[in-house]
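A short write-up of the structure that comes next.
Just so you know, all these numbers are worked out from the coordinates, no wet-lab data involved. Bear in mind that the values here come from a model prediction, so they are computed numbers and not experimental data. Cβ sites come from the backbone with ideal geometry, for glycine too, and all protein chains shown count toward neighbours.
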Ligand SMILES: Nc1ncnc2c1ncn2[C@@H]1O[C@H](COP(=O)(O)OP(=O)(O)OP(=O)(O)O)[C@@H](O)[C@H]1O
């Protein structure tokens, strides 16, 4: 648990560490006020039962004489004021501390959420290929439980520990024996209970973390395949799977919250019994029961303050132990290296550089690739030179490796061996993103956001910054003009989640317009026109072939008619390239 807290502290920015230091200072001031208010009850109760200063510690006598003189009343009035003011001050500081610490914890939660999202989006493509997206989404979703069940309790634990210490010192000043007895007995009880419960809490924390992820996965799968769910009428399969995970999660949560709260009742009743025994013994040693009242009152007040703090410490520890699984999942994402951090550790640590403009844009040499060390090579010994302005088509049986090859050219995947160069410069960590920014890509499945057509075409550009004239050209080239004209709000029409309000062909054309809007050196079309009728496809392809003559266009298509006007057509056969059509003269073929 303490390792986790150390890790969390390590993730705080210097600014947050300063803020934490301020919270700690406030905590100490609050603890001192707590201690004073406890001390102030003693003369108050003593003067209530016996209105003279005999038997009251010298320090209080002096303070009360001074205050009494200042207030123009007797020592009882001074003691009443002192007790009331210190109690009010302690309460005020506690209130302030609660507000500031809660704010701090939730701001740290916001920092973590932002940081995780940033790190996830900066991970290389293979990271996303290897992980189920529901694990990533649920990882982000676990920031809230981390705040509620780890950060807030950790803060509570520190506050309660400081306060406990102050109260114990306060009781120590009143009665050493009782302070030691109370500290050892109550602290010991909570410690033993925690030793017994901690393994159960940790085991449940793992169940909770796994079940949270599983639930998101089931929800995503059910909603993602909603058409099949409706057609097959098998929603009960998804509901049952969800229910199993959810019930497992709730059972573990119920046990953990019971384990966190249950000791309160045991320790509280033990505290009452201790007070009874102590009060009984005290009256035996004092002449009258009245004489014992100030001491008993101070101790009762001490116990009344001490026990909730001790319970708070235990509760916080139990809560953190019961959320270790969730916290570990969140920390995994926080520890992911960002692109900038990978760059620092990369051997070739050079500034991001631009490319000079040579005739050869991309060159692949001896390229091999496999998805994992235990899987066979998907791309085998590929050599290819792509000159500026070339239009190149790729065909091949399904699963032959076309998309994988394109992903390698776009540097979304790292080759297992071989070299990819752009403008004669080998692609590595330092220049990869510069190259990627110069590529426009139309994938097989177009992802649309639930926003307007204009925003979907200029994806990632703030609405106010969209270049409308460039956008209109892209709309025209992608054969979207008529579609947009018929829509009630034109380019401002919302497309619905994932573009559900559009046809497959319209979605595909928005994807093409998106790629055309981006000024790129290389346009990649991965079966980008498969959903279009042949007339629309021919018009779109016509516009594409007439794009900037310097631009490289790579196309994957199953319909050879789509690739008719390519300079070269390669067939991908079991991960190797075979030139099957050359519309250039033989001496220009370079591979
Ligand atoms: N993330 C992955 N992990 C492991 N293997 C993968 C992964 N993605 C693809 N493959 C495998 O790599 C091979 C090539 O896939 P790829 O998608 O490149 O083929 P393709 O020629 O583009 O197919 P299609 O025409 O059907 O799109 C296939 O055998 C596929 O199973």
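Odds and ends about this structure:
- Label-to-label distance for residue 144 and residue 444 is 3.5 nm, based on points extended 7 Å past Cα in the beta-carbon direction.
- Inter-site label distance for residue 467 and residue 69 at 7 Å from Cα along Cβ, in nm: 8.4
- Packing, taken as the mean count of other beta carbons within 10 Å per residue, orders the peptides 430-437, 568-575 from highest to lowest as 568-575, 430-437.
- The chain: Cα Rg divided by the 2.2 N^0.38 Å rule of thumb: 1.43
- Shown for 371, 314: other C-beta atoms within 10 Å of each C-beta, ranked fewest to most, produce the order 371, 314.
- Two-decimal ratio, the stretch 2-339, of alpha-carbon radius of gyration to 2.2 N^0.38 Å: 1.31
- Crossing angle, helix 152-174 versus the chain [Cα axis fit, 0-90 degrees, rounded to tens]: 10
- Between helix 468-477 and the chain: long-axis angle, C-alpha atoms, 0 to 90°, nearest 10: 50
- Taking every DSSP beta bridge that has both ends in the chain, the antiparallel portion is near 55%.
- As a length-normalised measure over Cα pairs under 8 Å and 6 or more apart, the relative contact order of the stretch 360-588 settles at 29 percent.
- Inter-centroid distance (Cα atoms) of the stretch 186-243 relative to the stretch 527-552, Å: 48
- Acute angle (nearest 10 degrees) that the helix 176-224 long axis makes with the longest principal axis of the chain, alpha-carbon atoms: 20
- Across the chain, the mean sequence separation of Cα contacts (distance under 8 Å, 6 or more residues apart), normalised by length, yields a relative contact order of 15 percent.
- Each peptide in 162-171, 533-542 was scored by the mean count of other Cβ atoms within 10 Å over its residues; highest first, the order is 162-171, 533-542.
- As a calculated quantity, the FRET efficiency between residue 84 and residue 251 at R0 = 45 Å, using C-beta atoms, amounts to about 0.40.
- Ascending count of other beta-carbon atoms within 10 Å, so fewest first, for 28, 317: 28, 317
- Highest mean packing comes first when the peptides 504-516, 446-458, 93-105 are listed by Cβ atoms within 10 Å, giving 504-516, 446-458, 93-105.
- Per residue, the average separation of C-alpha pairs within less than 8 Å and at least 6 apart gives the stretch 2-339 a relative contact order of 31 percent.
- Förster radius 35 Å - calculated FRET efficiency between residue 95 and residue 497, Cβ distance, rounded to 0.05: 0.20
- Counting neighbouring beta carbons within 10 Å and listing from fewest to most, the residues 277, 473 come out as 277, 473.
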